[in-house]
Amino acid sequence: MQYERLGAPAGHAAFLLVYFTFFLDNVLLTVLVPIIPDWVRGESLALWAERAAPLAQLLNTTVQRIADETEGEGIGASQLAVGAVLGAKAGAQLVAAPAAAAATERLGPARCLRLATLLLALASLTFAWCGAWCGGRQCAWCAGAGRGAQGAGAALAGVAGLALVSRARRPARVAALLGAVALGVLVGYPFGGVAYKLWSEAAPFQLIAAAFVANLGMQYIFLNKPEYNEVCEADGGGSGGGSYRSSLREVWAERRGAGGAGAGAVFAATALLAALEPCLPLWVMERFHPQRWALGAMFVPDSLGYLVATSALPACGAALGGERAALAGAVAAALGALLLPAARSLTALALCQAAVGGGVGAVDAALVPALLARCGAARLPHRAALLQAAASAALALGPVVGGVLSFALGFETALRLLALAALLHAALLHRALSDHPLSEQWGAPPLEELSAETPEETPLQPANFAHFH
């Protein structure tokens, strides 16, 4: 059964509830960062918590070495535990992406969104229980389990939410959903620190869990309708569709053509941003000696740049077109990273970071809506899972690669090499988008008119971002 196009009022409700889910997921993602060090070791890791980036996934060798010198023996193991806990979410999200596509294909997007919200609420309660019940190694295991549950819920929410909103054929809404990621990061980090210090260890997670429960109730009220729970039938629905194995095969098949080019661009851009997270704070400390509050806000320019790009691209995209907007974003991110080591002040540093974050946001906002609008209804969950897996892999691998290169070559040399690699990938992206143009998306026929078996549509016309309005 093919998806039906959403009506305007119901479409608004679906978009707002998916946006709220994405926002809360990313608030929960960053709330844990300033809290988990105290759980694992106590106040001896408070300094690390202030040096860490909001989206840190893994502690690299450089951080461990400096911490060993300043904190004494034994802290390296605690840092490894902290890094493993923070990295568990990206790993679980990567593994769960094909399962999320299979569930969305078999159950329908609205049901899967409710299941994802329930998983995220349970993850929040798990974190609240960890802080109140245990400490040390047991708390690390408890928090790791919660982080894994959050990754599975985030994968399911990402695939189901993108599939639900994309069928309305309004790419501006998909771009706005990406902005919820940056907004959640901006809110989560200070919210976690403040709620933790003012009330209790469990307070921020209890509040987030209550918000997820309220979101779940609203989903039952507004999305418990047949049109939101229609099931996709892949390849006629008779060949084992809906299983993890078949879904993994379908997700892998989406790498061909424009799907692979777009997923590669999402991976490269996100990995470049993620590579900064474990290394940049220490480099800034050595070079600029900022105050502690400035270290806590280290990655605010990146998140603001991403939020502005995903919000502004639909309005100004008519002057560029989809492919040109994506290429401009990829080049801007690479140039921002290339110029960052030459920054002579915190203001110049913030501008370079904003360029990186804005470039990554432009790549996502230009490519993700177009790639989802390009395919038929039955392929939506699989293509959304491919994009989800690309971003999750970048978040898991980017900090590791950045940390290893920084340790071996120094931060400045490592960042310049990564920026040059990003520029090279922008050239490859230009070639791929020339072979598989996406501009026709913005004037494409309604989604229900696209066949699930149609591999790639022929170009129709230049991009028309005015269609967003």
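If I filter the range 138-145 for residues that are part of a loop (DSSP other than H, G, I, E, B) and over 30 Å from residue 376 (Cα atoms), do I get at least one hit?
Scanning the range 138-145, I find no residue that is part of a loop (DSSP other than H, G, I, E, B) and over 30 Å from residue 376 (Cα atoms), so the answer is no.
Can residue 397 be described as at pLDDT below 90 and in a helix (DSSP H, G or I)?
Yes, satisfied.
Looking at 379, 324 in this structure, which one is surrounded by 23 or more Cβ atoms within 10 Å (Cβ to Cβ), over 19 Å from the mean Cα position of the chain (by Cα) and at pLDDT below 90?
Details: 324 fails: surrounded by 23 or more Cβ atoms within 10 Å (Cβ to Cβ).
After applying the criteria, what remains is 379.
Within the range 162-213, can you find the residues that are part of a loop (DSSP other than H, G, I, E, B) and free of Cβ contacts under 8 Å to residues at least 40 places away in the same chain? Explain how you work it out, then say what you get.
Step one: filter the range 162-213 for residues part of a loop (DSSP other than H, G, I, E, B), giving 167-170, 199-202.
Selection gives 199 alone.
Which one is modelled with the highest pLDDT among residues in the range 8-37 that are under 25 Å from residue 195 (Cβ atoms), in a helix (DSSP H, G or I) and out of contact with any helix residue (DSSP H, G or I) (no Cβ under 6 Å at 6 or more places or on another chain)?
16
Among the residues of the range 397-420, which ones are in contact (Cβ under 8 Å) with a residue 12 or more places away in the chain and of a type in the set (A, V, I, L, M)? Show your work before the answer.
We begin by selecting, within the range 397-420, every residue in contact (Cβ under 8 Å) with a residue 12 or more places away in the chain; these are 397-407, 411-412, 414-420.
Within the range 397-420, 397, 400, 401, 404, 405, 414, 415, 417, 418, 419, 420 qualify.
Look at the range 211-227 and say how many of its residues are surrounded by fewer than 20 Cβ atoms within 10 Å (Cβ to Cβ) and over 13 Å from residue 20 (Cα atoms).
Residues meeting the conditions: 7.
Can you tell me how many residues within the range 329-366 are in contact with a Lys or Arg (Cβ under 9 Å, 6 or more places away or on another chain) and polar (S, T, N, Q)?
Selection size over the range 329-366: 0.
Residue-by-condition table, conditions (1) at pLDDT below 90; (2) of a type in the set (Gly, Ala, Ser):
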| position | (1), (2) |
| --- | --- |
| 316 | yes, no |
| 333 | no, yes |
| 356 | no, no |
| 416 | no, no |
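Just one of (1) farther than 30 Å from residue 87 by Cβ; (2) at pLDDT 90 or above; (3) within 23 Å of the chain's Cα centre (by Cα) trips up residue 365, so point out which.
For residue 365, the failing item is (1).
The values are calculated or read from the model by the stated rules, or taken from the named source; none is laboratory data. Computed from a prediction, not measured in an experiment: that's the story for all the values here. Cβ: placed from backbone, ideal geometry, glycine included. Neighbour counts: every protein chain shown.
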